[in-house]
Amino acid sequence: IHYCAADPEIISITNTIITLKSINGYEFCIDDGEWQNSNVFSGLLPNSTHKFYQRIAETDLIYASERSKELTVTTLKNETIAPYLPEVLNLSSNSVTLKDIDGYEYKMDNGEWQSSNIFTGLAPNSTHKFYQRIAETETSYASESSEALSVTTSKNTVEKPPIPEVLRKTPNSVTL
């Protein structure tokens, strides 16, 4: 007598644990590993893909069945917490440079996220909101945004005028 195993079903997925539907009398396998009684596979790496199989376990009366069709599942990425406020490194009348932190990305006002920590082409004496977050990686999702840091660019500076030149002098007046 040949027995056919039902195909595996997922109950839950986290970044390091995959749980298959438990079926009484079945055993479970991940990739080409050993068969186990537990339907829970833990200690997996985030964002890693695995193949799962199940079969009817051997008993005193029957041999183990052939393995089921494979079920391919990928674990979730790690969640990342929002970082603290960005820090201003340099400020001028038309640019803001934030402190650069490896693995972070930056945004001004409602703009797009960018890897550069430098924002140029700003108007003098204008106020903007700056944000930072931890960028998405192979194993982690991007974090939520930091709180907004409000920064006002400097006013334009004017050059010191040249020393006035005296054109004419009389006892009662001076013409420059």
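Candidates 16, 30, 82 compared by Cα position along the dipole of segment 1-107: farthest toward the positive end lies 82, with charges placed on Cβ. About its Cα centre, the dipole of the chain is roughly 1360 debye, where the only charges are +1 on Lys and Arg Cβ and -1 on Asp and Glu Cβ.
For chymotrypsin sites (Phe, Trp or Tyr not before Pro), the sites in segment 1-97 that DSSP calls loop and that have at most 16 other Cβ atoms within 10 Å are 3, 35, 63, 84. When the trypsin sites (Lys or Arg not before Pro) in segment 92-162 are filtered for DSSP coil states and for at most 15 other beta-carbon atoms within 10 Å of their beta-carbon, the remaining sites are 99, 155. Taking GluC sites (Glu not before Pro) across segment 103-176, the ones in a DSSP loop with at most 15 further Cβ atoms lying within 10 angstrom of their Cβ are 112, 136, 138, 144, 147, 159, 165. A straight chain from residue 24 to residue 78 at 0.36 nm per residue would run longer than the Cα-Cα distance by 16.2 nm.
Which FRET efficiency value, to the nearest 0.05, do you get for residue 101 and residue 51 by plugging their Cβ-Cβ distance into 1/(1 + (r/R0)^6) with R0 = 41 Å? In this case the efficiency is close to 0.60. Within the assembled protein chains, the solvent-accessible surface assigned to residue 168 is about 150 Å², based on a 1.4 Å probe.
What is the distance in Å between the Cα centroid of segment 116-141 and that of segment 147-176? A separation of 35 Å, based on Cα centres. Calculated from the structure at hand, semi-axes √(5λ) of the Cα gyration tensor in Å is found among (1) 28, 22, 12; (2) 72, 11, 10; (3) 33, 21, 9 as (2).
The values are calculated or read from the model by the stated rules, or taken from the named source; none is laboratory data. Please read all numbers here as calculations on a predicted model, not as lab measurements. Neighbour counts run over all protein chains shown; Cβ positions are idealised from the backbone, glycine included. To get the accessible areas, we keep the full protein, side chains included, count just its heavy atoms, and leave off ligands, DNA and RNA. Shrake-Rupley method; radii C 1.70, N 1.55, O 1.52, S 1.80 Å.
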